[in-house]
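Student: I have a structure I would like to understand better, so I am pasting it below and will then ask my questions one at a time.
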Amino acid sequence: MSNISQNIKQILKEIPQSVKLIAVSKRQPDAKLWEAYDAGHRIFGENLVQELVRKNNFFPKDIEWHMIGHLQKNKVKYIVPFVHCIHSVDSLDLLKEINKRAEKVNRKINCLFEIHIAKEASKFGLSSQGIIELLETISLYQFPFIKFSGLMGMATYTNNEQIVHQEFKMLHTLFTNIKQTYFSNNPDFKEISMGMSSDYKIAIDTGSTMVRIGTTIFGERLSK
Ligand SMILES: *Cc1c(COP(=O)(O)O)cnc(C)c1O
């Protein structure tokens with residue numbers, strides 16, 4: 001059995017069955033994706049549109065692709081024909097564009113709002129205030145081709161587990177409040193995408209429903 005298949009098995013043992021494991025294959029050689037695929041894994045995450053499009057063309061069609069990286073409006077059209085879920089919705093403009101492009105291909109796209117929970121300034125995402133302002137501005141009926149599925153967040157990159165724990169808890173609380181206020185009649189709004197290689201155990205403890213794990217499965221990535 002390959003390392004990759006063993007790594008996936010190990011993680012699946014550690015997380016509850018209800019939690020979805022997204023194997024983050026960005027900047028990994030195709031041979032490694034094949035190993036995961038041959039081991040039976042079908043859920044992959046990418047953060048660049050070009051790479052995602054190439055891999056979707058190249059790999060079997062039963063793969064469920066997740067877009068986890070920052071998404072520019074002008075690239076939405078390339079991924080809506082096949083993408084399963086977009087984790088990185090962080091503006092009203094982007095939401096409108098996804099809805100518009102999804103209508104053209106008659107697909108309803110699972111979307112998560114990306115929330116900025118980390119202390120680092122460089123990361124993308126809406127603030128807690130920003131997501132509420134956005135939801136106050138719109139009517140959900142304006143977006144028939146969006147399946148509002150939940151929230152996504154990335155914790156600060158730190159060894160301090162307390163900080164990570166706090167940030168994930170904050171995301172969980174925000175999720176609960178938003179669900180209650182805006183999505184109480186919407187069973188689709190149920191996902192909290194949080195947890196990466198370094199912090200997925202903490203994420204599970206704080207209510208994650210989707211973990212996005214790259215290096216723990218595949219090893220170090222190729223440099224950019
Ligand atoms: C790269 C990436 C991951 C996976 O990171 P690892 O530390 O390799 O597990 C998860 N989420 C996002 C948004 C990423 O860009």
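The values are calculated or read from the model by the stated rules, or taken from the named source; none is laboratory data. Given the structure is predicted, the values throughout are model-derived calculations rather than measurements. Positions of Cβ are generated from backbone atoms using ideal geometry, with glycine treated the same way; all protein chains shown enter the neighbour counts. With ligands, DNA and RNA removed, areas are computed over all heavy atoms of the protein, side chains included. Shrake-Rupley method; radii C 1.70, N 1.55, O 1.52, S 1.80 Å.
Student: What about LEU140, is it within 30 Å of SER5 (Cα to Cα), modelled with pLDDT under 95, away from the ligand (no atom under 12 Å from the Cβ) and over 18 Å from the mean Cα position of the chain (by Cα)?
Tutor: Taking the combined requirement at face value, the residue does not satisfy it.
Student: Within the stretch 85-93, identify whether any single residue is modelled with pLDDT of 95 or more, in contact with a helix residue (DSSP H, G or I) (Cβ under 6 Å, 6 or more places away or on another chain), hydroxyl-bearing (Ser, Thr, Tyr) and crowded, with 18+ Cβ neighbours inside 10 Å, and answer yes or no.
Tutor: no
Student: Within the stretch 12-29, identify whether any single residue is open to solvent by less than 40 Å² (accessible area, probe 1.4 Å), away from the ligand (no atom under 16 Å from the Cβ) and either of a type outside the set (Ser, Thr, Tyr) or modelled with pLDDT under 95 (or both), and answer yes or no.
Tutor: Scanning the stretch 12-29, I find no residue that is open to solvent by less than 40 Å² (accessible area, probe 1.4 Å), away from the ligand (no atom under 16 Å from the Cβ) and either of a type outside the set (Ser, Thr, Tyr) or modelled with pLDDT under 95 (or both), so the answer is no.
Student: Only one of these conditions is not met by LEU171: (1) within 16 Å of the ligand (Cβ to nearest atom); (2) free of Cβ contacts under 8 Å to residues at least 60 places away in the same chain; (3) touching a Phe, Trp or Tyr at 6+ places or on another chain (Cβ under 8 Å); (4) not charged (D, E, K, R). Which number is it?
Tutor: Against the list (1) within 16 Å of the ligand (Cβ to nearest atom); (2) free of Cβ contacts under 8 Å to residues at least 60 places away in the same chain; (3) touching a Phe, Trp or Tyr at 6+ places or on another chain (Cβ under 8 Å); (4) not charged (D, E, K, R), LEU171 comes up short only on (3).
Student: Here's something else I'd like to know. Can you give me the number of residues within the stretch 178-201 that are within 13 Å of the ligand (Cβ to nearest atom) and closer than 15 Å to MET152 by Cα? Step through it out loud before you land on a result.
Tutor: Residues of the stretch 178-201 within 13 Å of the ligand (Cβ to nearest atom): 193-201.
Subsequent filtering for residues that are closer than 15 Å to MET152 by Cα retains 193-196, 199-200.
Summing the residues that are within 13 Å of the ligand (Cβ to nearest atom) and closer than 15 Å to MET152 by Cα in the stretch 178-201 gives 6.
Student: In the set ALA121, ALA102, which member is open to solvent by less than 10 Å² (accessible area, probe 1.4 Å) and more than 23 Å from SER208 (Cβ to Cβ)?
Tutor: On the way: ALA121 fails: open to solvent by less than 10 Å² (accessible area, probe 1.4 Å).
From the options ALA121, ALA102, the qualifying one is ALA102.
Conditions tested, residue by residue: (1) closer than 18 Å to ILE86 by Cα; (2) in a helix (DSSP H, G or I).
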residue: ILE11; (1), (2): no, yes
residue: PRO16; (1), (2): no, no
residue: LYS26; (1), (2): yes, no
residue: LEU33; (1), (2): no, yes
residue: TYR37; (1), (2): no, yes
residue: HIS41; (1), (2): no, no
residue: ARG54; (1), (2): yes, yes
